[in-house]
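Participant: A single structure is presented below for examination.
Please treat every number below as a calculation from the coordinates, not as lab data. Since the model is a prediction, treat every value here as computed from it, not as a measurement. Because the Cβ atoms are built from the backbone with ideal geometry, glycine has one as well, and the counts that use them run over all protein chains shown.
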Amino acid sequence: MSFSSMGLNEALLRAVVSQGYTTPTAIQLQAIPTILAGHDLLAAAQTGTGKTAAFTLPLLQKLLDSGSVPKDQRKPRALVLTPTRELAVQVADSIRTYGRNVPIRTATIYGGAGMYPQIETLRRGVDIIVATPGRLLDHLERRTVDLSNVETLVLDEADRMLDMGFIRPIEQIISKLAAKRQNLLFSATFSNEIRKLAEGLLQSPQTIDIAPRNTAVDLVNQQICHVDKGNKKALLVHLIQRDQWGQVLIFMRTKHGADRLTRQLQQDGLRAVAIHGDKSQSQRTRALNDFKRGRANLLVATDVAARGLDIDALPHVVNFELPQVAEDYVHRIGRTGRAGLSGEALSLVSPDEVPQLQAIEQALKRSLPVMTETGFTLATPIKTSARAGKPHHRPRSKPGYSGRPQRSKRSSQRQSAR
Ligand code: AMP
């Protein structure tokens, strides 16, 4: 099926063509007709699958179908909730891109930015709000937004919103929406928590399960390098300089660690910028733009800040520190290997990180190939029980996360570290 046979109007199709898309992705093929037909939707799909266009295009079409409202009487008719500011900005950008030929107004509402410009935008009237839950709740409490006309709700990356402890704000926001509405829930995984949320929210939903994760992960060449903690930075700089790496996304566990490493890399004359939850929105936006436009070639990030980032053709991801939660490893390396391009993911593993490495290898159901770098080898090689006797093979089915900690522990780890 092509975009033109999906019931999208000519103005939207022109925008799709101008993006250079010729064929709908798997999630678009399934979600667009389902949403246009008015069904609630429970979709398992990660970033990288084309999921944003999968809900944005039919959302715009439905708003156009329901007719125009005078500008000053516009109350938001659709709401997209996202876990992070970066994802909110990306989704709003996509809405503006696909909606460039139609008179639909979108507001982006997130914390860390001034309240008053947002109030002014809302006051002038918008059709779609893309928001993070906390700030939208602030607006509801101040009565600077009225959501009673919202007839379409999209929860994007719902699993991450639950991980980040947004369930209460989400419930409070939902209670302010029109009772009769269409609900679309997108999540990378169908955990028990997601199913519970879906049961309470969705009416006879259609379910779509797109499992691109393995495709993305399969396209990423993953390696680990055992190295002393104190030698990690020197090894990283050595590899960047010797192999002339272009853009590199570097993951740290904590905000402090990200700041420290960024400073050290800058002191070595490298163009590094940091992105994490303690940075103001304008700092985060500037860092991301610098990285995307090549003014900086090293972006040092924590997990939450990097979630959902869509960076075209990112060739290298480095786990300077392994994540506490094995599942985050898959999210991290999924920043590369996107849109069918191959990518490299290197994890620098110090002896104290063996338990995290074991959890990751168990989750992936494979051991990761080890590379050695002359001058950086450990005096005593690391041997882990997970590595012993495990064949090197690519996972064929979804990675299982049997070894992951309980949700409450994961949430508290995330909240405190990032
Ligand atoms: P998303 O999963 O929404 O984050 O999208 C991932 C990337 O795929 C974005 O860079 C989109 O611009 C791109 N994309 C979305 N739909 C298509 C399509 N039908 N063909 C090619 N690329 C697409």
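Participant: Provide the net charge surrounding ALA78, with neighbours chosen by a C-beta distance below 13 Å and charges set as Lys +1, Arg +1, Asp -1, Glu -1.
Facilitator: +2
Participant: Cut-off is 10 Å between beta-carbons; in what order do TYR329, TYR21, TYR116, TYR110 appear when sorted fewest neighbours first?
Facilitator: TYR116, TYR21, TYR110, TYR329
Participant: Taking springs between alpha-carbon atoms closer than 10 angstrom, which of ALA44, ALA379, ALA188 fluctuates most in the Gaussian network model of the chain?
Facilitator: Of ALA44, ALA379, ALA188, the most mobile in the Gaussian network model is ALA379.
Participant: Helix 51-65 versus the longest principal axis of the chain: what angle, 0 to 90°, nearest 10, using Cα atoms?
Facilitator: Here the helix axis deviates by roughly 10 degrees.
Participant: Now a separate question. Calculate one ³J(HN,Hα) per residue across the range 165-171 by plugging θ = phi - 60° into the Karplus curve 6.51 cos²θ - 1.76 cosθ + 1.60, and present them in order as whole Hz with x for glycine and proline.
Facilitator: Each residue of the range 165-171 in turn: x, 8, 4, 4, x, 4, 4 Hz.
Participant: ALA37 to LYS75: extension gain in nm, 0.36 nm per residue of separation minus the Cα-Cα distance?
Facilitator: 11.4 nm
Participant: What does the charge count around GLU353 come to, taking other residues whose C-beta lies under 9 Å from its C-beta (Lys +1, Arg +1, Asp -1, Glu -1)?
Facilitator: With Lys, Arg at +1 and Asp, Glu at -1, the net is -1.
Participant: Expressed as an acute angle from 0 to 90° and rounded to the nearest 10, what is the orientation of the C-alpha long axis of helix 354-364 relative to the principal long axis of the chain?
Facilitator: Between helix and principal axis, roughly 50 degrees.
Participant: I've got another one for you. Full extension from ARG142 to TYR21: what is 0.36 nm times the residue separation minus their Cα-Cα distance, to one decimal in nm?
Facilitator: 39.4 nm
Participant: If you bin every alpha carbon distance in the chain into 20 Å steps from zero, what whole percent lands in each bin?
Facilitator: Taking every Cα pair in the chain, the percentages come to 26, 56, 17, 1.
Participant: Further question on the same structure: Between SER204 and MET371, how high is the FRET efficiency from 1/(1 + (r/R0)^6) when r is the Cβ-Cβ distance and R₀ = 45 Å? Nearest 0.05.
Facilitator: Working from the Cβ atoms, E equals 0.35.
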